[in-house]
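The values are calculated or read from the model by the stated rules, or taken from the named source; none is laboratory data. Quick caveat, the model's predicted, so the values are computed rather than measured. So basically every Cβ, Gly included, is an ideal-geometry build from the backbone, and we count neighbours across all protein chains shown. Remember, those area values only see protein heavy atoms, side chains included, never the ligands or the DNA or RNA. Shrake-Rupley method; radii C 1.70, N 1.55, O 1.52, S 1.80 Å.
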Amino acid sequence: MAAFDAPKGVGARRVSRSIMSSGPSGTNYQNFDPFEAADANQSNFRLTSQDDDELEVTIPVADGTTKKDVAVRFTARSLRVTVKNETLIDSPLKGRIYPDECSWSFGTASGTRALILSLGKRDSEMWSKLLARTPPAPDA
């Protein structure tokens with residue numbers, strides 16, 4: 001998969017890209033947004049559910065994991081999760097959140113011990129992914 005550079009500088013913006021492929025059935029074009037692919041190959045978490053106000057993320061952890069092993073940092077535009085000194089997530093988010101409305105707890109997912117993160121969304125739009133390759137544009 002090709003790597004894409006983040007937009008930089010004054011007036012930088014996201015631009016959707018197209019892939020062209022030719023085959024026996026003719027030429028095919030596929031539009032995609034490289035910034036939408038940020039969750040690709042992320043097996044250490046799953047965007048479990050969401051509504052207009054919040055979303056839930058599940059991160060599998062070892063059975064012996066305690067609250068002293070976990071460090072979670074919520075900011076308006078990013079998330080950092082460390083378990084037993086291993087950083088599992090450290091990235092800008094797809095959208096904005098209210099850090100004061102975020103929390104985490106232990107639970108189970110598919111019969112496995114997990115961290116359950118609850119993130120309070122600032123915007124009611126549905127997120128297709130949790131992470132963004134670049135931070136969202138700053139507030140005007």
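Being assigned to a strand (DSSP E or B) and modelled with pLDDT under 95 is the filter here; which residues of segment 84-106 pass it? Glu86, Thr87, Leu88, Ile89, Asp90, Ser91, Pro92, Leu93 - these are the residues of segment 84-106 that are assigned to a strand (DSSP E or B) and modelled with pLDDT under 95. Residue count for segment 97-106 satisfying the condition of being free of Cβ contacts under 8 Å to residues at least 40 places away in the same chain and surrounded by fewer than 16 Cβ atoms within 10 Å (Cβ to Cβ): 5. Filtered by the rule that a residue be surrounded by fewer than 15 Cβ atoms within 10 Å (Cβ to Cβ) and either over 18 Å from Asp63 (Cβ atoms) or among the aromatic types (Phe, Trp, Tyr) (or both), segment 77-95 gives Arg80, Thr87, Asp90. Looking only at residues in segment 107-140 that are within 15 Å of Asp51 (Cβ to Cβ), open to solvent by less than 70 Å² (accessible area, probe 1.4 Å) and among the charged types (D, E, K, R), the one that is modelled with the highest pLDDT is Lys121.
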